[in-house]
Amino acid sequence: MAWNVVILGGGFGGLTAARRLERKLPHQSATVTLVSDTNFMLYTPLLPGAAAGTLEPRHVVVPLREQLKRTVLHPGEVLGADPDGKVVRVRSLGGRETVLPYDQLLVALGSTSRTLPIPGLAEHAVGFKTLPEAIALRNRLLQSMEQAEIEEDEATQRELLTFVFVGAGYAGLEGLAELQDFYADVVDGYPRCKIAGSRFVLVEARDRVMPEIQPKLAAFASAELRRRGIDILTETTVERITATATTLSTGEVVPTRTVVWTAGVKPHPVIAKLGLPLDGGGRIAADRFCAVQDRPGVWAIGDAAAVPDPAAKGKPSPPTAQHVVRQAKVAGDNIAHALAGEPDRARPFRYRTLGVFVDMGRHEAVASTLGIRWRGFPAWFLARTYHLALMPGWGRRARLVTDWTVGLLFGRDSAELGRLGHPAELERKLSEPELAPEPTSNPAG
Ligand SMILES: Cc1cc2nc3c(=O)[nH]c(=O)nc-3n(C[C@H](O)[C@H](O)[C@H](O)COP(=O)(O)OP(=O)(O)OC[C@H]3O[C@@H](n4cnc5c(N)ncnc54)[C@H](O)[C@@H]3O)c2cc1C
């Protein structure tokens, strides 16, 4: 009988592992099932481009069915697991609860935004981790500009045209830079906004931006953003958020209606329901082979797992796509060895970061590759080439190149399509007086 391999999560880790297993496992030897709550993988490094309108939202995702040849895609939400009974519970698309048995289980469920108990945060801030959040942010920016354009009250106009990002990691810095670039690109169409002026603020609790990259590169990124007029407030935290203002630890009250929360990630809440050992940060405790401690046949990778970082003794790997993709290949190989009855052939995760890219829009970026530091246009070009190479499939790559070229030649689109996919109810439309049919004379009468 064929083995059952179940992969939870169809992001960077899950998709890469599934493709690896398709290559490594002999045909008919195993059924590989991938459970995911979306039928695509989100290519997160390109999310700021989608928010800023340089890229079509559909072009920053990879449809899973397009990439998977032999893997069975099971659309649904993972609810929990019983490692003793070797089963996973899933609410399948449509609402039915399904129990999936496994011989080998790989958990790659990623992470969610890490929030703090700040008054007003949950009610008024938006995240920047998913495609709906990125598109909502773009629409929010455009709606704010539209409203500010016809607003008579100066104070309200200031609230509408001030944008605050909290957290200066990848997501915060790139997101803010791209969004400000977008604003600058479309503001000519909003003469009153242009006169009123805008304010973009980046708030960071630590003493510098981008702790993930070398201090010199981070300093260059800060200088570039400051040159564009972005306020970077380090060693500052957010104390309180209301619908119209954000209070900072410095005492400053920033009038704003848009606060974007990009201050770190935490494992998905479902991770705690899988019956697996967790580390202090709530990530699954995995060893350097990506195997979960004391749970034979269970593996964990990516943002959801604390796989030891070979570059930093005693620390878990950072939550980056670069790490998870390598871990997925290791886990895929080790699962194949386990099923072949060759557990001694398992190999450890040995990756060291080869390079980092921080795309800041306007043809500017900072990068470090194999010890060489890049800035400005060459870094930007390198970053785009790198993402192009990593995007799976020629069709996907062609879409990216087309979007970038069209944006370069013709600028960006300022249409606000917030209602896309949410049509008004048919019933309501018909009952509207202006849509009701005109009374006609009865030809028979
Ligand atoms: C804006 C942004 C920019 C980034 N830029 C970079 C970058 O430039 N370089 C870099 O290396 N890293 C970057 N990262 C980090 C990178 O995206 C993550 O480290 C990576 O996605 C983690 O991979 P993963 O497979 O663990 O999780 P994910 O890729 O998040 O995949 C998890 C999958 O599981 C699914 N899922 C979650 N819960 C359930 C459930 N209960 N049931 C079913 N499915 C579920 C999710 O929908 C998702 O498809 C960035 C992140 C963000 C947010």
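The values are calculated or read from the model by the stated rules, or taken from the named source; none is laboratory data. Just so it is clear, the model here is predicted, and its values are computed rather than measured. Don't worry about glycine lacking a Cβ; one is built from the backbone with ideal geometry, like all the others, and counts go over all protein chains shown. Please note that ligands, DNA and RNA were not included when accessible areas were found on the heavy atoms of the full protein model with its side chains. Shrake-Rupley method; radii C 1.70, N 1.55, O 1.52, S 1.80 Å.
Give all pairs with beta carbons closer than 6 Å in which a residue from region 65-84 that is closer than 19 Å to GLY110 by Cα meets a residue that is away from the ligand (no atom under 13 Å from the Cβ) and in a loop (DSSP other than H, G, I, E, B); count only pairs at least 6 apart in sequence or on separate chains.
Short answer, once both residue conditions are applied: ALA81/GLY275.
Being loosely packed, with under 15 Cβ neighbours inside 10 Å, in contact (Cβ under 8 Å) with a residue 60 or more places away in the chain and more than 24 Å from GLN157 (Cβ to Cβ) is the filter here, so list the residues in region 230-251 that pass it.
THR234
Checking the condition surrounded by fewer than 24 Cβ atoms within 10 Å (Cβ to Cβ) and touching a helix residue (DSSP H, G or I) at 6+ places or on another chain (Cβ under 8 Å), which residue from ALA30, ALA2 passes?
Of the residues listed, the single one that is surrounded by fewer than 24 Cβ atoms within 10 Å (Cβ to Cβ) and touching a helix residue (DSSP H, G or I) at 6+ places or on another chain (Cβ under 8 Å) is ALA30.
Mind checking which pairs have a first residue in region 92-105 that is farther than 12 Å from TRP299 by Cα and of a type in the set (S, T, N, Q) and a second that is open to solvent by 70 Å² or more (accessible area, probe 1.4 Å) and at pLDDT 95 or above, Cβ under 9 Å, 6 or more apart or different chains?
Short answer, once both residue conditions are applied: SER92/GLU77; THR98/ARG89; THR98/ARG91.
Which ones in region 38-61 are under 9 Å from LEU131 (Cβ atoms), near the ligand (Cβ under 9 Å from one of its atoms), open to solvent by 20 Å² or more (accessible area, probe 1.4 Å) and touching a residue at least 60 places away in the same chain (Cβ under 8 Å)?
The one that is under 9 Å from LEU131 (Cβ atoms), near the ligand (Cβ under 9 Å from one of its atoms), open to solvent by 20 Å² or more (accessible area, probe 1.4 Å) and touching a residue at least 60 places away in the same chain (Cβ under 8 Å): LEU42.
Within region 306-334, take every residue that is within 9 Å of the ligand (Cβ to nearest atom) and more than 17 Å from the chain's Cα centre (by Cα) and give me the one that is nearest to ARG20 (Cα to Cα).
ALA328
Name every residue in region 114-149 that is under 22 Å from PRO267 (Cα atoms) and within 16 Å of the ligand (Cβ to nearest atom), in order of residue number.
ARG114, THR115, ALA125, VAL126, GLY127, PHE128, LYS129, THR130, LEU131, PRO132, GLU133, ALA134
Name the strands (runs of 3 or more DSSP E) wholly inside region 116-229 in which the number of residues that are open to solvent by less than 60 Å² (accessible area, probe 1.4 Å) and of a type in the set (A, V, I, L, M) is 3 or more.
Output list reads 199-203.
Looking only at region 66-96, which residues are closer than 20 Å to ASN4 by Cβ and more than 13 Å from the ligand (Cβ to nearest atom)?
LEU68, LYS69, ARG70, THR71, VAL72, ASP82, PRO83, ASP84, GLY85, LYS86, VAL87, ARG96
When the residues of region 11-24 are narrowed to those that are open to solvent by less than 10 Å² (accessible area, probe 1.4 Å) and either more than 6 Å from the ligand (Cβ to nearest atom) or in contact with a strand residue (DSSP E or B) (Cβ under 6 Å, 6 or more places away or on another chain) (or both), which ends up nearest to ALA328 (Cα to Cα)?
Checking each candidate, the answer is ALA17.
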